[in-house]
Amino acid sequence: MSTWPPRGGRNPTMDQVAQAAGVSRATVSRVINGAPTVDAKIREVVQRAIAETGYVPNGAARTLVTRRTNSVALVISEPERPNDSSFLNRVFTDPYFGRITAGATGALRPHDIHLVIVPTDSSGHHHVLRYLRQGHVDGVLLISSHGRDRLPRLVFDLGIPAVVSARPPRSLAVSYVDVDQRLGARLAADRLLARGCRRLATITGPLDSPAGHDRFDGFRSYLAAHGLSEVPYLEGDFTRAGAERLTRELLGRHPEVDGLFVASDLMSEGALRAVQDLGRRVPEDVAVVGFDDSSAALDCRPLLTTVRQPVEEMAAEMAGMLLAHIASPGRLPDSVTFQPTLVARDTA
């Protein structure tokens with residue numbers, strides 16, 4: 001390898017990298033663009049020359065060669081909200097979305113893939129689809145929480161590589177990553193029964209979402225198998241304020257409730273506030289179990305007993321699955337289901 005640096009203070013060029021490595025400019029180009037035909041020893045020499053010279057490949061030129069943007073969209077699709085500021089506030093403050101972002105970013109960073117966060121409600125779907133059609137990203141990680149959401153189907157119809165965050169409708173052959181929602185709800189029910197609770201109720205997630213439906217179904221079916229067929233419930237929206245209001249209503253209708261399963265940690269914060277404001281002790285009068293094991297569980301007082309879903313690991317799995325689809329466009333759909341665990345703290 002030739003001595004470096006040469007004279008002059010300008011940014012290094014590909015020709016100068018080739019000079020430093022003692023190879024042709026074409027060889028340097030093949031290494032930069034990931035061509036599999038380059039000998040491993042030559043690749044190592046070129047990569048060392050790139051590091052020593054401080055050469056930064058021209059992203060636009062590389063995109064023309066590889067037809068890749070080295071960017072992936074994290075599309076967070078929510079139902080239409082009354083006002084946009086409320087929707088965006090939830091997206092950027094809900095611990096669940098933060099954990100998804102952290103897990104996906106950690107998996108993509110070693111591959112020099114950038115994550116572009118694209119929040120949208122149903123009124124903004126056409127903007128998202130236009131963005132994807134224009135080729136700004138190589139693939140999509142899609143977080144969709146409602147069963148009526150048309151965006152997964154619309155993205156699938158574009159033909160762009162995509163992985164969704166929950167089990168999709170059977171008619172949609174797309175890769176996904178999920179947690180065993182029903183098992184998680186059964187763990188919550190078992191914990192409350194083990195504490196001696198016999199008058200159980202639940203604040204569900206949206207029942208048109210796979211997660212909301214499956215958590216409710218798992219909780220109710222487990223209790224039915226243990227002789228408790230009547231389970232009071234109210235349908236929540238995965239927000240703190242909504243759960244606080246619903247818990248007041250639920251306990252007003254059913255003051256005998258001594259065990260409450262709340263379908264997310266964020267909703268559990270609101271539920272605990274309502275229980276305590278009504279003069280009920282936690283867990284002595286009403287035991288509470290949440291779902292997620294997010295930072296919200298540690299913000300609760302008392303500390304929240306909850307069902308853990310390994311969101312960061314799930315997001316990393318989604319990212320890895322998407323990279324595989326980008327590398328092999330004809331790859332068949334795949335799925336991975338993670339197992340939940342119960343994290344016992346102070347509320348149950």
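Convert 37 °C to kelvin, take the viscosity as 0.692 mPa s, use the Kirkwood radius over C-alpha pairs of the stretch 201-342 as Rh, and evaluate the Stokes-Einstein diffusion coefficient in µm²/s, rounded to a whole number. In µm²/s, the coefficient is 202.
Taking the Cα centre of the chain as origin and assigning +1 to Lys and Arg Cβ atoms and -1 to Asp and Glu Cβ atoms, the resulting dipole is close to 980 debye. Near residue 146: Cβ cut-off under 9 Å, other residues only, Lys/Arg at +1 and Asp/Glu at -1. The net charge is -2. In this simple spin-label model, placing a label point 7 Å from the Cα along the Cα-to-Cβ direction at both residue 13 and residue 134 gives a separation of 3.3 nm. Computed from the C-beta positions of residue 221 and residue 33 and an R0 of 45 Å, the FRET efficiency is 0.25 to the nearest 0.05. Each of residue 328 and residue 172 was given a label point 7 Å from its Cα along the Cα-to-Cβ line. The distance between the two points is 2.4 nm. For the chain, the Cα-based Rg and Dmax, in that order, read 25.3, 84 Å.
Among beta bridges from DSSP that stay inside the chain, the antiparallel ones total about 10%. For the pair residue 24 and residue 56, the difference between a 0.36 nm per residue extended length and the Cα-Cα distance amounts to 9.8 nm. Take the Cα of residue 194, step 7 Å toward its Cβ, do the same at residue 111, and the gap between the two points is 3.9 nm.
The slack between residue 154 and residue 230, meaning 0.36 nm per residue of separation minus the straight C-alpha distance, is 23.4 nm. Rounded to the nearest 0.05, what FRET efficiency do residue 249 and residue 336 give with R0 = 35 Å and r taken as the Cβ-Cβ distance? Could you check? So, using R0 = 35 Å, E works out to roughly 0.40.
Ordering 264-274, 117-127 by mean Cβ neighbour count within 10 Å, with the highest value first, yields 264-274, 117-127.
A full extension of the chain between residue 92 and residue 126 corresponds to an added length of 10.1 nm, given 0.36 nm per residue minus the alpha carbon distance. When you restrict to C-alpha pairs under 8 Å that are six or more residues apart and normalise by the size of the chain, the relative contact order lands at 16 percent. Just going by the charge dipole of the chain, with Lys and Arg at +1 and Asp and Glu at -1 on Cβ, which of 211, 101, 286 is farthest out on the positive end? Sorting the options by dipole projection puts first 101.
The numbers here are math on the coordinates, done by the rules we state, and not lab data. On a predicted model such as this, the values are computed, not experimentally measured, just so you know. Glycine gets a Cβ as well: all are built from the backbone with ideal geometry, and neighbour counts include every protein chain shown.
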